[in-house]
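Q: One structure coming up, written as structure tokens, with questions to follow.
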Amino acid sequence: MTEGSPTDLVDAFYRAYNAQDAAAATALYAQDGWHQEGDSGPRRDGQAALQQGLERFFVMLPDAHWLVRETVTCGGTVAVVYTLTGRLGIDIGGSPTRGKPIELAGIHMFQLGENSIAGTRDYWDIREFQRQIKGENA
């Protein structure tokens, strides 16, 4: 990763995500970088695992788009409030969910290292996701 400000690195991350470019997004992480879903969700360690996870995610939500709502930087930590939108590209749980629209609010927490992303945590509401794929009203 080339040198730049923390927000430059985060901006590059979302450009790669919005292009559904798993390789470009993964390249922004340190070799031993990690990603975790919230505090207790699954964790992926290392660039190969990160890329594999993103490739699977982009099959599930092939037109995924993250709209950055707010960015807060404090030292080597950047918090990003976002809205994720897209349509499911697969059926989930044996139900016909392909094509269903998804809109989720979330927060990405970035731990930045020397010119790379050391790790990320992604916080979003699994119950809201499940409600949307079931077609239930809020």
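Each value in this text was obtained by applying a stated rule to the coordinates, not by laboratory testing. Remember, it's a predicted structure, so these values are computed and weren't measured experimentally. Every residue, glycine among them, receives a Cβ derived from its backbone with ideal geometry; neighbour counts consider all protein chains shown.
Q: Collect the residues in segment 7-44 that are part of a helix (DSSP H, G or I) and in contact with a helix residue (DSSP H, G or I) (Cβ under 7 Å, 6 or more places away or on another chain), keeping them in residue-number order.
A: Across segment 7-44, the qualifying residues are F13, A16, Y17, A22, A23, A24, A25, T26.
Q: Identify, from the list A19, A49, A25, A30, the residue that is of a type in the set (G, A, S) and under 18 Å from A79 (Cα atoms).
A: A25
Q: For the condition on the phi < 0 side of the Ramachandran plot and touching a residue at least 40 places away in the same chain (Cβ under 8 Å), what is the one hit in D11, D91, D45, D39?
A: Just one listed residue meets the conditions, D39.
Q: Something else: Of the conditions (1) surrounded by 14 or more Cβ atoms within 10 Å (Cβ to Cβ); (2) more than 15 Å from the chain's Cα centre (by Cα), G94 clears all except one; give me its number.
A: (1)
Q: OK, next. Right, A118: in contact (Cβ under 8 Å) with a residue 40 or more places away in the chain, within 22 Å of W34 (Cβ to Cβ) and surrounded by fewer than 17 Cβ atoms within 10 Å (Cβ to Cβ) or not?
A: Yes, satisfied.
Q: Another question, then. What's the total number of residues in segment 53-67 that are loosely packed, with under 14 Cβ neighbours inside 10 Å and either of a type in the set (S, T, Y) or more than 19 Å from I90 (Cβ to Cβ) (or both)?
A: So the count comes out to 1.
Q: Quick check on segment 6-35: of everything there that is surrounded by fewer than 19 Cβ atoms within 10 Å (Cβ to Cβ) and of a type in the set (G, A, S), which residue is farthest from M60 (Cα to Cα)?
A: A30
Q: When you check L50 against the structure, is it among the aliphatic types (A, V, I, L, M), within 11 Å of the chain's Cα centre (by Cα), surrounded by 14 or more Cβ atoms within 10 Å (Cβ to Cβ) and not in a loop (DSSP other than H, G, I, E, B), yes or no?
A: yes
Q: Then there's this: Restricting segment 121-138 to residues that are exposed (fewer than 12 other Cβ atoms within 10 Å of the Cβ) and of a type in the set (D, E, K, R), which is farthest from Y14 (Cα to Cα)?
A: E136
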